[in-house]
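Working notes, beginning with the structure itself.
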Amino acid sequence: MRIPFIAGNWKMNMSGRDAVEFAEQFKALYKNTDVRTAICAPYVHLELLVEAFDGTDIKVGAENAHWEDSGAYTGEVSVPMLEEIGVDYCIIGHSERRQYFNETDETVNLKLKKLFTSSILPILCVGEVLEEREAGKEKEIVGGQLKKDLEGLTADNVRKLVIAYEPVWAIGTGKTATPEQANEMCGFIRDVITDLYDEDVADEVIIQYGGSMNPENATELMNQPEIDGGLIGGASLSAEKFMKVIDF
Ligand code: PGA
């Protein structure tokens with residue numbers, strides 16, 4: 001049985017004051033559901049969120065991490081640094097990092113390998129851009145990303161992995177994939193995991209959908225058999241909206 005997992009992705013949003021306010025509101029609204037939940041936030045807010053959510057079921061995630069433990073990498077943050085402040089998850093390979101910050105499948109792979117030496121679980125993002133979807137290449141693209149991103153990871157690693165299928169054309173555009181499209185691609189990802197590992201591993205891996213998921217479309221998306229959760233951008237900036245998605 002896969003436990004649904006809904007994570008927020010604040011991206012480069014929210015001031016410190018906004019983050020404190022969100023945490024207070026969200027804690028007040030939060031009710032225990034059968035859904036795992038986390039907020040992934042900019043580095044500077046992580047410590048305050050870990051403290052604010054201490055003693056609750058709400059987990060905290062980072063949005064990126066470097067693959068080395070330490071060294072001359074100005075501006076970067078390492079996995080041990082995140083571990084030290086009590087972070088539970090880390091998004092890796094988000095399309096915005098692939099698009100604007102030179103993230104490649106090779107660096108994604110290094111980051112995943114590093115995270116699996118720590119207590120922090122990765123949320124690996126994959127997805128095709130609009131031209132690839134229009135050319136009917138979405139499976140080729142996503143399958144290719146997965147093969148490279150997961151290279152050298154063990155079955156035990158992948159069992160604990162969270163994969164977010166995020167069609168780039170649906171991110172922040174208000175254009176959601178239809179529940180059928182999203183379900184088909186999440187099912188395809190599970191098939192790729194079966195091919196690379198086995199059915200047992202594929203049955204355990206949590207696959208989220210991400211891309212303009214919100215309180216209005218969450219129920220329909222979450223009711224799809226292959227969709228185990230969501231990675232929520234815009235709608236996670238409001239405690240009320242985010243709670244409504246969790247309470248789909
Ligand atoms: P969105 O972002 O919900 O604002 O489309 C999702 C994401 O990028 O993770």
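The values are calculated or read from the model by the stated rules, or taken from the named source; none is laboratory data. None of the values given here were measured: they were computed from a predicted structure. FYI the Cβ positions are ideal-geometry reconstructions off the backbone, even for glycines, and counts take in every protein chain you see. Note: accessible area is taken over every heavy atom of the protein model, side chains too, but ligands, DNA and RNA are not part of it. Shrake-Rupley method; radii C 1.70, N 1.55, O 1.52, S 1.80 Å.
For the range 143-188, what does the equivalent ellipsoid look like in terms of its semi-axes, each the square root of 5 times an eigenvalue of the Cα gyration tensor, given largest first in whole Å? Don't skip to the answer; put the middle values down first.
Values: eigenvalues 123, 26, 18 Å².
Values for the range 143-188, descending: 25, 11, 10 Å.
Give me the percent of accessible area attributable to carbon and sulfur for the range 1-141, probe 1.4 angstrom. All intermediate terms of the calculation are to be shown ahead of the outcome.
Values: 3600 of 7190 Å².
Within the range 1-141, the accessible surface is 50 percent carbon and sulfur.
Counting Lys and Arg as +1 and Asp and Glu as -1, each charge on the Cβ, what is the dipole of the range 113-241 about the Cα centre in debye, to the nearest 20? Mind dumping the intermediate values first?
On the way: 12 positive and 24 negative charges, 114 e Å.
About 540 debye.
Taking every eigenvalue of the Cα gyration tensor of the range 26-70, multiplying by 5 and rooting it, what semi-axes result, largest first, whole Å?
Numbers: eigenvalues 112, 27, 14 Å².
Equivalent-ellipsoid dimensions as semi-axes: 24, 12, 8 Å.
So how much slack lies between Thr104 and Glu180, counting 0.36 nm per residue of separation and subtracting their Cα-Cα distance, in nm? Don't skip to the answer; put the middle values down first.
Values: separation 76, 0.36 × 76 = 27.36 nm, distance 2.86 nm.
Additional length available on full extension: 24.5 nm.
Among rounded, prolate and oblate, which fits the range 1-115 when a ≥ b ≥ c are the square roots of the eigenvalues of its C-alpha gyration tensor, a/c under 1.5 means rounded, and a/b larger than b/c means prolate?
It comes out prolate by the Cα gyration axes.
Could the peptides 89-99, 132-142 be put in order, highest first, of the mean number of other beta-carbon atoms found within 10 Å of their residues? Show your work: numbers first, answer last.
Numbers: 89-99: 22.5, 132-142: 15.5.
Result, highest mean Cβ count within 10 Å first: 89-99, 132-142.
Using 0.36 nm per residue of separation minus the Cα-Cα distance, give me the extension gain between Glu47 and Lys147 in nm, one decimal.
Working: separation 100, 0.36 × 100 = 36.00 nm, distance 3.37 nm.
Roughly 32.6 nm would be gained on extension.
Show me the three semi-axes of the equivalent ellipsoid for the range 114-248, from the C-alpha gyration tensor (sqrt of 5 times each eigenvalue), largest first, rounded to whole Å. Write out the running numbers ahead of the final one.
Values: eigenvalues 112, 66, 36 Å².
Rounded to whole Å, the semi-axes are 24, 18, 13.
Given Cβ point charges of +1 (Lys, Arg) and -1 (Asp, Glu) and nothing else, what value in debye, to the nearest 20, does the dipole of the chain about its Cα centre take? Mind showing how you got there, number by number?
Details: 23 positive and 44 negative charges, 84 e Å.
Here the chain has a charge dipole of around 400 debye.
About its Cα centre, what dipole magnitude does the range 35-153 give when the only charges are +1 on Lys and Arg Cβ and -1 on Asp and Glu Cβ, stated in debye to the nearest 20? Could the numbers behind the result be given before it?
Working: 12 positive and 23 negative charges, 61 e Å.
Value, rounded to 20: 300 debye.
Taking each pair of distinct Cα atoms in the chain once, what is the resulting Kirkwood hydrodynamic radius in Å?
On the way: mean 1/r = 0.0557 Å⁻¹.
Kirkwood hydrodynamic radius for the chain: 17.9 Å.
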